Amino acid sequence: MDFRFTEEQEKLRTEIDDFFLDNLPSDYRPRGQRGQTMEQYKFWMDLQRKAGAKGYLTPGWSKESGGLGLSDMEQGVVMEETSYWGAAWPGSQGIRVCGPPLHVFGTEEQKSKFLPGIAKGEDIWYQAFTEPDAGSDEANVSLRAVEDGDNYILNGQKTFITAPGQGDYLYTLARTQDVTPKHRGISLFLIDAHSPGVSYSALPTLGVFTVDIFFDNVKVPKDRLLGELNRGFYHAMVTFEFERSTTGGGAGARRGMEELIDFYRNEKPNGKPLLENPAVRDLLADRAIEMELVWLQGWFAAWHFSQRDKLGSPPPEAGGLHNKVVSADRAKQLIDAMGLYGQLRRGSKYCKYEGRAAGSWEVSRSTHPAGTIEVNKIVLGGRGLGLPRIPAKFNKEIRAAIEERG
Ligand SMILES: Cc1cc2nc3c(=O)[nH]c(=O)nc-3n(C[C@H](O)[C@H](O)[C@H](O)COP(=O)(O)OP(=O)(O)OC[C@H]3O[C@@H](n4cnc5c(N)ncnc54)[C@H](O)[C@@H]3O)c2cc1C
């Protein structure tokens with residue numbers, strides 16, 4: 001086993017680092033300056049376009065699609081450095097979640113129409129799957145798409161859709177047939193976000209800005225169906241595989257750790273740096289181990305993906321689940337180490353470490369995006385470990401027993 005990168009890959013790493021060093025302010029602190037205010041959002045939008053012009057947003061995509069045609073491992077190197085610098089690309093859903101399955105299921109026309117806009121950082125896509133009665137149970141989607149000549153007409157609602165700014169396209173699941181089992185009657189559509197009849201209502205959460213989206217007789221041309229009619233559920237499952245990928249995550253954690261060590265070194269509550277406190281050193285040791293795990297999991301997944309022709313499709317990744325499970329503990333440890341100051345939000349003149357302790361605690365409460373902890377466990381248990389599912393007839397028996405008990 002060789003954990004080193006090739007000389008070309010190291011050169012690519014330096015090139016990406018130089019891009020960020022040349023374009024970010026000298027006092028930039030990635031973890032403290034996420035794209036939250038409109039000013040920050042605009043900053044990242046501008047930088048996203050610059051990165052897109054160089055092909056850095058989607059280095060693994062073909063040159064015709066706006067990428068650089070690099071290998072999976074090289075793409076991993078670019079993602080790693082991008083994550084190290086904490087780039088908050090407004091178009092990240094298009095880049096990471098919607099674009100990759102568009103390569104797999106899109107027609108040639110769809111690919112040439114949509115992929116370059118994502119790769120150049122111009123077009124913003126949002127993944128609109130969740131509904132009031134269809135979250136973990138995606139098969140329950142009820143946003144209805146009815147055929148009407150050359151179009152589908154959509155009526156219904158999506159909810160909790162991450163949307164930090166104005167979007168251009170919605171990558172949307174809708175019901176095209178009433179059938180049992182329900183998941184065989186769903187299709188995937190690529191919808192103009194500004195189509196007449198689409199409206200939005202704000203739904204700010206602890207972590208990110210989300211919206212409700214309403215569809216009122218929205219006309220969607222038939223050539224905006226992605227993949228096969230009534231196979232949208234399967235296309236959505238492939239989309240989740242891309243969404244849950246953690247390649248690059250380890251580098252973001254490394255940068256966070258470097259900044260945390262810096263903070264502990266300079267923070268001297270009783271004249272002694274916090275870095276000398278044994279409890280703090282314990283906390284840092286835990287984080288260093290977790291960081292290493294995330295790094296290894298991410299690269300294992302990237303390597304497996306690069307070998308998919310020989311090894312078959314990669315097993316689901318555990319990194320995202322691991323991160324959800326430990327992040328609340330990590331945030332609490334940080335608050336404990338900082339004492340009462342840990343509870344002050346960014347914006348208070350007394351807050352320390354840019355209020356990141358309170359901020360990360362709030363964000364860590366939100367474990368629903370990209371599937372809840374339980375759903376991620378089910379995926380890992382079934383697809384990763386090959387554990388059997390409970391047969392449907394037992395589920396019915398269990399439900400009947402619960403109902404009988406009242
Ligand atoms: C901040 C935020 C951003 C989001 N962004 C997006 C987005 O951009 N696009 C999008 O489409 N959606 C988005 N979502 C929605 C998210 O994907 C859903 O919240 C998630 O899929 C869970 O669905 P639900 O909220 O309906 O919960 P439910 O599915 O109702 O689940 C409720 C609880 O029951 C548990 N549960 C459900 N089924 C099972 C089971 N079979 N076995 C064991 N336990 C189970 C769940 O784990 C959970 O704890 C976002 C959500 C949040 C909070």
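In sequence order, segment 190-196 has phi-based couplings of 9, 10, 4, 5, 9, 4, x Hz under the Karplus curve 6.51 cos²θ - 1.76 cosθ + 1.60, θ = phi - 60°, and Gly or Pro positions carry x. The calculated FRET efficiency for Ala392 paired with Ser199, based on their beta-carbon distance and R0 = 41 Å, is about 0.60. Rounded to 0.05, the FRET efficiency of the Phe209 and Gln343 pair, given R0 = 22 Å and the Cβ-Cβ distance, is 0.45. Listed by chain and number, the lysines whose C-alpha is less than 17 Å from the C-alpha of Lys324, apart from same-chain residues fewer than 8 away, are Lys332, Lys377. Around the Cα centre of segment 311-406, unit charges on the Cβ atoms of Lys, Arg, Asp and Glu (plus for the first two, minus for the last two) sum to a dipole of about 200 debye. Based on alpha carbons, the Rg and Dmax found for segment 313-406 are 19.8, 59 Å.
Eigen-decomposition of the gyration tensor built on the alpha-carbon atoms of segment 353-406 gives equivalent ellipsoid semi-axes of 36, 18, 6 angstrom, largest listed first. Over the C-alpha trace of segment 244-384, radius of gyration and Dmax come out as 17.5, 59 angstrom.
Computed from Cα positions, the angle between helix 392-405 and the longest principal axis of the chain comes to roughly 80 degrees.
Taking all protein chains together and a probe of 1.4 Å, list Thr107, Thr176 from the most accessible to the least accessible.
Output order, biggest surface exposure first: Thr107, Thr176.
Share of Cα-Cα pairs in the chain beyond 31 Å, in percent? Counting every Cα pair in the chain, those more than 31 Å apart make up 43 percent. Looking at segment 329-397, the chymotrypsin sites (Phe, Trp or Tyr not before Pro) that sit in a DSSP loop and have at most 15 other Cβ atoms within 10 Å of their own Cβ are Tyr350. Translational diffusion coefficient of segment 7-90 (Stokes-Einstein, Kirkwood radius from Cα pairs, 4 °C, 1.567 mPa s): 98 µm²/s. Sparsely packed loop sites in segment 271-364 (the trypsin sites (Lys or Arg not before Pro) outside DSSP H, G, I, E and B with at most 14 other Cβ atoms within 10 Å) comprise Arg345, Lys349.
Residue by residue, segment 304-321 carries 3J(HN,Hα) couplings of 4, 4, 5, 9, 5, 5, 8, 9, x, 5, x, x, x, 8, 8, x, x, 5 Hz when phi is fed to the Karplus relation 6.51 cos²θ - 1.76 cosθ + 1.60 (θ = phi - 60°); x denotes Gly or Pro.
Three semi-axes describe the equivalent ellipsoid of segment 126-234; taken as square roots of 5 times the Cα gyration tensor eigenvalues and ordered largest first, they are 22, 17, 11 Å. The angle separating the long axis of helix 108-119 from the principal Cα axis of greatest extent in the chain is about 20 degrees. On a per residue basis, the chain carries 53 Å² of accessible surface, using protein heavy atoms and a 1.4 Å probe. For the set Lys42/Lys120; Lys272/Lys352; Lys50/Lys111; Lys63/Lys113; Lys54/Lys111; Lys120/Lys352, the pairs lying more than 26 angstrom apart at their alpha carbons are Lys120/Lys352.
Lys and Arg at +1, Asp and Glu at -1: add these up for the other residues within a Cβ distance under 14 Å of Leu115 and post the number. Write down the numbers at each step before the final one.
Numbers: positive: Lys63, Arg96, Lys111, Lys113, Lys120; negative: Glu64, Glu108, Glu109, Glu122, Asp123, Asp168.
With Lys, Arg at +1 and Asp, Glu at -1, the neighbours total -1.
What distance in nm separates the two pseudo spin-label positions at Asp46 and Phe242, each 7 Å out from Cα along the beta-carbon direction? The two pseudo-label positions are separated by 2.9 nm. Here's how it looks for Phe209: its modeled amide H is under 5 Å from those of Ala163, which are all 5 or more places away or on a different chain. Both numbers refer to the Cα atoms of segment 179-228; Rg and Dmax are 14.2, 37 Å.
Surface calculation, 1.4 Å probe, protein heavy atoms: Asp18 sits at approximately 70 Å² accessible. For segment 365-406, applying the loop criterion from DSSP together with a ceiling of 10 other beta carbons within 10 Å to the trypsin sites (Lys or Arg not before Pro) yields Arg389.
The phi-based Karplus calculation (6.51 cos²θ - 1.76 cosθ + 1.60; θ = phi - 60°) puts the 3J(HN,Hα) values of segment 97-107 at 9, 8, x, x, x, 4, 4, 6, 10, x, 6 Hz, whole numbers, x for Gly and Pro.
If you take the Cα centroid of segment 167-243 and the Cα centroid of segment 350-406, the two points sit 23 Å apart. With the convex hull of the Cα atoms taken as the outline of segment 57-213, the averaged projected area works out to 10.5 nm².
Of the accessible area of segment 192-280, computed with a 1.4 Å probe over protein heavy atoms only, carbon and sulfur atoms account for 55 percent. Label-to-label distance, Ile289 versus Tyr28, with points set 7 angstrom from Cα along the beta-carbon direction: 3.4 nm. Ranking Val294, Gly320, Gly355 by Cα position along the charge dipole of segment 244-384, where only Lys, Arg, Asp and Glu carry charges on their C-beta atoms, puts Gly355 farthest toward the positive end. Relative to the dominant Cα principal axis of the chain, helix 7-23 is inclined by about 80°.
The values are calculated or read from the model by the stated rules, or taken from the named source; none is laboratory data. Please read these numbers as outputs of a predicted model, since none were measured by experiment. Note: ideal-geometry Cβ built from the backbone for every residue, glycine included; neighbour counts use all protein chains shown. Note: areas computed on protein heavy atoms with side chains; ligands, DNA, RNA excluded. Shrake-Rupley method; radii C 1.70, N 1.55, O 1.52, S 1.80 Å.
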